[in-house]
Structures are given as C-alpha cells and as structure tokens.
1. Considering only the stretch 135-166, how many residues are more than 16 Å from the chain's Cα centre (by Cα), surrounded by 15 or more Cβ atoms within 10 Å (Cβ to Cβ) and either without any contact (Cβ under 8 Å) to a residue 24 or more places away in the chain or assigned to a strand (DSSP E or B) (or both)?
2. Could you list, in sequence order, the residues of the stretch 200-210 that are over 23 Å from the mean Cα position of the chain (by Cα) and among the aliphatic types (A, V, I, L, M)?
3. Provide a single number: the residues in the stretch 151-207 that are of a type in the set (D, E, K, R), under 19 Å from residue 109 (Cβ atoms) and in contact with a strand residue (DSSP E or B) (Cβ under 6 Å, 6 or more places away or on another chain).
4. What pairs come out if I take residues in the stretch 33-59 that are closer than 8 Å to residue 7 by Cβ and pair them with residues that are of a type in the set (Val, Ile, Thr) and part of a helix (DSSP H, G or I) whose C-beta lies under 7 Å away, six or more apart or interchain?
5. Among the residues of the stretch 85-132, count how many are modelled with pLDDT of 90 or more, in contact with a Gly (Cβ under 9 Å, 6 or more places away or on another chain) and of a type in the set (Val, Ile, Thr).
6. Do we have residue 144 as modelled with pLDDT under 95, of a type in the set (Lys, Arg), within 18 Å of residue 191 (Cβ to Cβ) and not assigned by TED's automatic domain parsing to the domain that holds residue 27 here?
7. Quick one: which residue in 196, 171 is in a helix (DSSP H, G or I), basic (Lys, Arg) and free of Cβ contacts under 8 Å to residues at least 12 places away in the same chain?
8. Tell me the residue from 29, 45 that is farther than 23 Å from residue 90 by Cα, touching a helix residue (DSSP H, G or I) at 6+ places or on another chain (Cβ under 9 Å) and not in a helix (DSSP H, G or I), please.
Amino acid sequence: MLSILIVEDEQAIANLIHISLSDEGYRCTCAFDGKQGADLIEQETFDLILLDIMLPEFDGYELLEYIKPTGTPVIFLTAKGAVSDRIKGLKLGADDYIVKPFQIGELLARVEAVLRRYGKSEKQLAVADVFINTDSRSVTKDGRSVDLTAKEFDLLVELVRNKNVALYRDRLYEKVWNEPFTGETRTLDTHIQRLRKKLDWEERIRTVFRIGYRLEG
C-alpha cells in the first residue's frame, strides 16, 4: 500500500483529502504544521507528500528544502495561485502545483500521475472482497482465484481505478480495446455482463442510462 503524507494546516481540508485518498487505497498520514511534517518525514518513509505552502512553524518552501534530499515527490496544494507562485514552487523542485479550491477528482488524477512518473503506481487494488494484483494480473474474491480473460481483467482495472465515476462506453471501449469506438456496444456490454457474473457484482457494476457504467465502491 502506497503511503502519502498530507501537510495541511486547515483540518477540514486535510480530513477531506485523507478520506478521499484512503478510499482509493492509499495509506495517509496528516501533519498540521511545518515542524510536525518535518518530524514525520524524519521518522517515516513516504511515497508522496502533499504540501501546503502557508503553514505554521515554517512554510512549505522551507519544508520542501528539507524533503529534497529524501527524493520523495511533492505536490504543492495552496491558495497562492499567481503564476509567479507556481513558477517558484516548480523551480524549487515540486512535481506539481494545485491551486485551492480544487476538485477531489483532479487531485486524485494528479496524485496518480506523479506516482506513475516515479514508478510507484499501485500494484494492489481492492474493492470490497475483491483483490487485484496488476503485476501478476490475478484476481481473488473471498480468497478464491477468479479466472478472467485479458480484456475482462483490463476492464475491471479501469472500473476500479475510476470507482464511483460514471464512465462513458466510448471511453471504456477505447481504453480497454485500444481502438476507436464505432458505436457498436455489444462487445463491451457482453464483457460487463461476464464480469458481473464472475464477481457476483450484479448490484455493484451499475448501468448509467445513456452514458455507460459505474462501479460502486
């Protein structure tokens, strides 16, 4: 399980990020000022740090200098939205810069992108009693192996990585089959039906009228 440190002095924002990332399978730790963040970085190893700039004790710029020698990727989360602030943050070594207020979906996408860049994308995915290993391309449910075809596996991973998001049929098809969507839905619909049956997910994989499908986590 990948580990993320959230250094954010606004507790409501920190809690929202913590809940959202935990729901995606990350292990999260919160620090509410620069000193607490530095202490945690000294004590533990993290895969990613989400860092506010305006912090008590010492600010995010100072903390970034402390983080650099560890090689841990950093995403700044801040209300400082001026172009000059973004340039400063990126020049100092941050891997990304997100301005508040932000959509949680955007944050999750940016987190995933940075982790992927560092070769730290999640190898283990889980929803309810189903566990997926993307390295071995294996799936278990209640501890028992589930036999999926290559396309069924890829479709499952796409649904799980976009849990609770309504996915359009054309996007799903093009992502899994790597070819343009022509409007013919039978292939995708058949694979969805097989997944539902093999995983006993009749109620979990929902059909979204005129859009496509949504996996409920």
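1. Result for the stretch 135-166: 4.
2. Passing the criteria: none in range.
3. Matching residues across the stretch 151-207 total 1.
4. Close Cβ pairs satisfying both conditions: 49/67; 50/17.
5. The qualifying residues number 1.
6. In short, no.
7. Of the residues listed, the single one that is in a helix (DSSP H, G or I), basic (Lys, Arg) and free of Cβ contacts under 8 Å to residues at least 12 places away in the same chain is 196.
8. Values: 45 fails: farther than 23 Å from residue 90 by Cα.
Residue meeting the stated conditions: 29.
The values are calculated or read from the model by the stated rules, or taken from the named source; none is laboratory data. Please read these numbers as outputs of a predicted model, since none were measured by experiment. Backbone-built Cβ (ideal geometry, glycine too); neighbour counts: all protein chains shown.
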